[in-house]
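The block underneath contains the structure these notes are about, expressed in structure tokens.
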Amino acid sequence: MSSESPRNSSTQRPAPGDSSGFLRDAWAAIKGTREDYTSGSLSRAITLLAIPMMLELVMESTFGLVDIYFVGKLGPNAVATVGLSASVLVILFAIALGLSMGATALVARRIGEGDPEGAGRAAGQAILAGIFFSVPPALAGVAFAPQLLGWMGAEPEVLAGSSYLAMLLAGSITIFLIFLNNAIFRGAGDAAIAMRALWLANIINMILDPCLIFGWGPFPELGLMGAAVATTIGRGIGVGYQFWILLGGKHRVAVTPRQLRLNLPVMKGLLRVSLSGIAQFFVATASWLGVMRIIALFGSITLAGYTIALRLIMFSILISWGLANAAATLVGQSLGAGKPERAEQAVWLAGFYNTVFLASVTLVFWLFAEPFIGFFTQEEGVISVGVEALRILSAGQIFAAYSMVTAAAFNGSGDTDTPTLINIFCYWVWQLPLAYTLARVLDFGPTGVYVAVALTGVTWTIIGITLFRRGRWKTRVV
């Protein structure tokens, strides 16, 4: 534990009446401000980093909600296609997030050490890695989209929408680069730039989604595939904005053409951290695939209701990841500056804030579950399933607050091995067998799956906090 007093003024929570100071910090966070995050008030540092990160991830999660809203007008089979496609895409997201984790850790450590040139080298190699890893899923999407949905248990009516998955996979490079470039900005402490990139991408998606799905104005009517085209174009424009900033040379991290050439020592360091990060997310997402496969056994109506509930849950979880990412940046930069006690205090404070946020979200979901689900569909069966799923899954969120922050802290320090091992136990050894047993063996049906997912969050939190308190992450070298 930290040798500093928890009452140290640099780490105290804001006084309840200090709203004016918080509002000033919040506005500074949205505008973007240059700060030294290795000293000064931790509450201010978390505010400056977390608010743009949370707003950034609001936009990332809104991609899914916007698609579901407009696709819901096409019926439950189209919604089920989106749900199963998302389950396939999580494998791609696992790779992108794992690489992003390595990029954030290396860039944050170099910035904390006062080495912006080293941060630029790490950023350049992360971009090269993203381009390389985006090629196989793009080829697989073009060639095997129907087969991928078939392996997930899609019914014939759902398979008819496979062009949606094919288009998203064909645009894999936009997914990889928008994640990686934003991870670079977050590691450097330029969270407001990452926020703007996602806002730009999502605004384009919001405009194009109905135009391309329903053929509004001069646009072709592409149906379900139009949602995928809109998302890919939106992300592509966001990536263009990111490169304009990175190559401009006016911010904390500047990437030059020379740094976009292969640098084997830096690339090896990046991949050493990232590969276990990829494994970490692959374990979690593979478990998610297994959960979706169990849900699919109960038919398209159940799958559609669960998909809508899950998108709402992911909306709130992605926002709370903004707080977790703030902790990751503070851990990386504080360790680079030789201040492990400050890194630890940042994690406890961010965890407290995250718990308050997710408890508030859970209360809202419980009280207004039916109108939330009903906003996306008018099918009574889908609404009934979605309401139950939303209430049970949201209850587990409260306990997941510290698990997200401690996982981000491990990753921000470069210790991606510990959360990977926790994921293997919690998701493969515990969650999947429990979900199948409750749903099929004990005949609780889909309710058993929701309960298993919620209990997994509780388990992860207990194990994660226990290992975090041991402090081995403080000695990690990257």
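Read-outs: derived from the displayed coordinates by stated rules, not from any lab. Please read all numbers here as calculations on a predicted model, not as lab measurements. Every residue, glycine as well, gets a Cβ built from its backbone with ideal geometry; the counts of neighbours run over all protein chains shown.
Couple of notes before you dig in:
- Charge context of ALA122, other residues only, Cβ under 9 angstrom, K/R +1, D/E -1: +3
- Other residues whose C-beta falls under 15 angstrom from the C-beta of VAL71 contribute a net charge of -3, scoring Lys and Arg +1 and Asp and Glu -1.
- Proximal lysines to LYS31, defined as alpha-carbon separation beneath 26 angstrom and excluding residues fewer than eight positions away on the same chain: LYS250
- Estimated purely from DSSP H runs of n ≥ 4, each contributing -39500 (n - 2.57), the mean residue ellipticity at 222 nm for the chain is -27000 deg cm²/dmol once divided by its residues.
- For the chain, alpha-carbon Rg relative to the globular expectation (2.2 N^0.38 Å, N residues): 0.93
- Net lengthening on full extension, LEU264/VAL142 (0.36 nm per residue, minus Cα-Cα): 40.8 nm
- Once the chain from ARG469 to VAL429 is taken as fully extended at 0.36 nm per residue, the excess over their C-alpha distance is 12.0 nm.
- The range 212-269 versus the range 30-91: alpha-carbon centroid distance in Å: 16
- Report note on the peptides 257-263, 414-420, 357-363: ranked by the mean count of other C-beta atoms within 10 Å, highest first, their order is 414-420, 357-363, 257-263.
- Computed Rg/Rh of the range 137-232, alpha carbon atoms with Kirkwood Rh: 1.07
- Split the chain at each of the GluC sites (Glu not before Pro) in a DSSP loop with at most 16 other beta carbon atoms within 10 Å, and the longest piece is 222-478.
- Label-reachable residues, the range 26-50, where backbone N falls under 19 Å from a point 7 Å from PHE352's Cα toward its Cβ: 26, 39-50
- Once the chain from LEU363 to THR33 is taken as fully extended at 0.36 nm per residue, the excess over their C-alpha distance is 115.4 nm.
- Relative to the dominant Cα principal axis of the chain, helix 191-214 is inclined by about 10°.
- Axis of helix 446-470 versus longest Cα principal axis of the chain: the two differ by about 10°, to the nearest ten degrees.
- Förster radius 35 Å - calculated FRET efficiency between ARG293 and PHE22 (Cβ-Cβ, nearest 0.05): 0.20
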